[in-house]
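Here the structure is laid out as structure tokens; the discussion comes afterwards.
The values are calculated or read from the model by the stated rules, or taken from the named source; none is laboratory data. Remember, it's a predicted structure, so these values are computed and weren't measured experimentally. When we count neighbours, we look across all protein chains shown, and the Cβ atoms used for this are built from the backbone with ideal geometry, even at glycine.
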Amino acid sequence: MKLVATLAAVAFAAPALAQDKPAAEPAPSWHGGKPPAMAESTLHPFAPHMTGRAAKDLPVNTLKVPAGFKVEAWVDGIPEARSLALGDNGTVFVSNRNAKNVYAVTDKGGKREVKTVLKGLDAPNGIVFNKGTLYVAERGRITRYDGIESKLDSPGEGKVVVDNLDPNRQAGHFWKYLAMGPDGKLYFNIGAPGNIVLPSYREASIMRVDPASGVLETVAIGVRNSVGMDFNPKTRTCGSPTTRATGWATTRRTTRCTACRARRCRTSATRSATRATRSTRSSARTAPAASSPSRRSAWARTSRRSA
């Protein structure tokens, strides 16, 4: 009798246990859009280490490079290194994007030393050194530090070249890259505030400013998020690689701007392009706010699908 009762209890408990089995966890959000053919793929994203890693943790010995090339850790102790600029006396300046500092690397008797020269800046991503002056592009302004190599321990306050470049505190792509053009003007980007959004009249653009007068000009619009600029020494053509957002119509990632040679530009990085640029002058060396009605009417803009 006891045996029958035990068997009955086991038989009754088995379905209950099956019902209590936890449901499978839902797939992570980054699985969205994965094609069926990749359902079993082990590929997955990695969380970025935003401040960088110590030299001893870098697997440089696993990198493959062409014959005659060598990869090595050049200097350690610079968190979140982003952009580089070489001074006239051999000083290497290093910027931050998410952090707030600019560093200088100097050679002291064959030993490299790192010192923090600028602190507390607002995303000082872009840096350029030209004729003794270090230019720094922060989130909302560009400043200059004259004769900085002779006063690395105390460079003083920077002089503002142009200000109010991010009046809306845009959510994304606010970091700026900086380049000195062959015309002696500073070129920089203002990214789109998001991946697939309609930017304001000055966002998603490449701009330039005269460091002597503060005159600000638009070079190109329809450039989603430039990640640098350089110039062809023969044609004086500006080239700017861009990053691409998922779902955009084009797969081309390079924008070429003939801004130095002629004030016309054609972009192939996003759906919008411009055929003309307009310059604006500011006696206070300040870019006007994006909401200014008078400024909106002064800017010519043509939108079309890129070829």
| Applying the selection to the range 164-182, what residues are exposed (fewer than 15 other Cβ atoms within 10 Å of the Cβ) and either among the β-branched types (V, I, T) or over 14 Å from M229 (Cα atoms) (or both)? | N168, R169, A171, G172
| query | If you go through the range 176-233, how many residues are among the aromatic types (F, W, Y), more than 17 Å from the chain's Cα centre (by Cα) and either on the phi > 0 side of the Ramachandran plot or part of a loop (DSSP other than H, G, I, E, B) (or both)? | reply | 1
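Residue-wise test of (1) modelled with pLDDT under 70; (2) touching an Asp or Glu at 6+ places or on another chain (Cβ under 9 Å).
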site	(1), (2)
G194	no, no
R208	no, yes
P211	no, no
A220	no, no
R224	no, no
C238	no, yes
R253	yes, no
| message | Looking at (1) surrounded by 19 or more Cβ atoms within 10 Å (Cβ to Cβ); (2) on the phi < 0 side of the Ramachandran plot, which one does N130 not meet, given that it meets all the others? | response | (1)
